[in-house]
Amino acid sequence: MLWDVDQTLIEGGGVTQRAYAAAFHATTGRSLTEPWQFDGRTELAAVTDVLRLHGLEPDRELVDAFTEQIVVELRNRADDLAANGRVLPGAAAALAAVGASPAVDQSVLTGNLYPLAVLKLELFGLAHHVDFRIGAYGGDALDRTDLPAHALQRSARVLGRRFAGADTVLVGDTLRDIAAARAIGARAVAVATGPYGVQDLQEAGAAVVLADLTDTAAVVQAITAPKVT
């Protein structure tokens with residue numbers, strides 16, 4: 001069971017955008033003038049794209065420096081994030097209900113870098129619901145569709161169990177979340193709490209689309225329903 005983080009479980013109240021702008025300036029000496037794309041792409045992809053949009057070559061040294069500074073800037077704003085961000089309605093109850101099943105191993109599949117995923121879920125009191133060791137993160141790959149393989153490899157190594165796509169459920173709010181699930185034949189459960197509406201998520205191939213996570217029973221049913229072949 002793999003959860004997206006931003007706009008699925010939490011929202012950051014604009015703090016993340018300010019941290020990225022500060023990190024860009026600290027790394028490049030320039031102001032961030034082109035928009036950062038918060039649409040489910042991995043952190044590596046977003047960093048690469050925004051550097052190119054500003055006429056900078058995203059070589060390994062610059063990408064590494066930029067991503068390290070993003071972590072620094074967001075950690076420096078942890079109090080601001082806690083004050084201005086929030087857990088989305090129903091998210092805590094959904095995590096608790098799904099995680100209560102002994103048949104479920106629960107983690108995250110997120111565009112966030114690993115330390116930022118941990119920071120955000122710890123700040124909002126959700127970290128104890130997930131096993132970060134078996135997740136996948138925005139520093140693992142450029143393309144989000146490559147992230148599930150990392151989660152499956154980690155679960156095999158950490159838990160000693162080899163999960164297939166058919167054993168896996170991804171929950172997220174973007175078309176990229178759905179594409180990542182479909183890339184391994186996993187069940188995609190979408191929530192319309194981000195930039196896409198219900199129809200967009202349905203057309204992208206989600207098995208179930210929920211308006212939000214407030215109906216815990218509906219969330220559990222969407223996640224545990226047998227896969228139709």
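Summary of computed values
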| item | result |
| --- | --- |
| Residue selected from the range 182-218 under the condition among the acidic types (Asp, Glu) and part of a helix (DSSP H, G or I), by the criterion least open to solvent (accessible area, probe 1.4 Å) | ASP200 |
| Flag if GLN221 is under 18 Å from ALA94 (Cβ atoms), open to solvent by 40 Å² or more (accessible area, probe 1.4 Å) and without any contact (Cβ under 8 Å) to a residue 24 or more places away in the chain | yes |
| Cross-chain or 6+ apart pairs with Cβ under 7 Å, the range 96-125 first and among the charged types (D, E, K, R), then not in a loop (DSSP other than H, G, I, E, B) | ASP105/ILE134; ASP105/SER155; ASP105/LEU159; LYS120/ILE10 |
| Given (1) without any contact (Cβ under 8 Å) to a residue 24 or more places away in the chain; (2) under 17 Å from GLY111 (Cβ atoms); (3) assigned to a helix (DSSP H, G or I), number of the condition ILE70 does not satisfy | (1) |
| Within the range 76-109, considering residues that are touching a Lys or Arg at 6+ places or on another chain (Cβ under 9 Å) and under 25 Å from HIS150 (Cα atoms), the one surrounded by the most Cβ atoms within 10 Å (Cβ to Cβ) | LEU109 |
| Among residues of the range 118-140, those that are surrounded by fewer than 23 Cβ atoms within 10 Å (Cβ to Cβ), touching a strand residue (DSSP E or B) at 6+ places or on another chain (Cβ under 8 Å) and under 22 Å from LEU44 (Cα atoms), counted | 2 |
| Checklist (1) surrounded by 16 or more Cβ atoms within 10 Å (Cβ to Cβ); (2) over 22 Å from ALA192 (Cβ atoms) applied to ALA156, failing item | (1) |
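Yes or no, residue by residue, for (1) touching a Pro at 6+ places or on another chain (Cβ under 8 Å); (2) touching a residue at least 12 places away in the same chain (Cβ under 8 Å); (3) closer than 12 Å to ASP105 by Cα:
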residue	(1), (2), (3)
VAL158	no, yes, yes
ARG161	no, yes, yes
ALA166	no, yes, no
GLY172	no, yes, no
ALA180	yes, yes, no
ALA186	yes, yes, no
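Condition check ((1) open to solvent by 20 Å² or more (accessible area, probe 1.4 Å); (2) of a type outside the set (Lys, Arg); (3) closer than 16 Å to PRO195 by Cα) across all residues:
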residue: ASP4; (1), (2), (3): no, yes, yes
residue: THR8; (1), (2), (3): no, yes, yes
residue: GLY12; (1), (2), (3): no, yes, yes
residue: SER31; (1), (2), (3): yes, yes, no
residue: ALA45; (1), (2), (3): no, yes, no
residue: LEU53; (1), (2), (3): yes, yes, no
residue: LEU62; (1), (2), (3): yes, yes, no
residue: GLU68; (1), (2), (3): yes, yes, no
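The values are calculated or read from the model by the stated rules, or taken from the named source; none is laboratory data. Since the structure is predicted, the reported quantities are computational estimates derived from the model, not experimental observations. Don't worry about glycine lacking a Cβ; one is built from the backbone with ideal geometry, like all the others, and counts go over all protein chains shown. Ligands, DNA and RNA are excluded from the accessible area calculation, which covers all protein heavy atoms including side chains. Shrake-Rupley method; radii C 1.70, N 1.55, O 1.52, S 1.80 Å.
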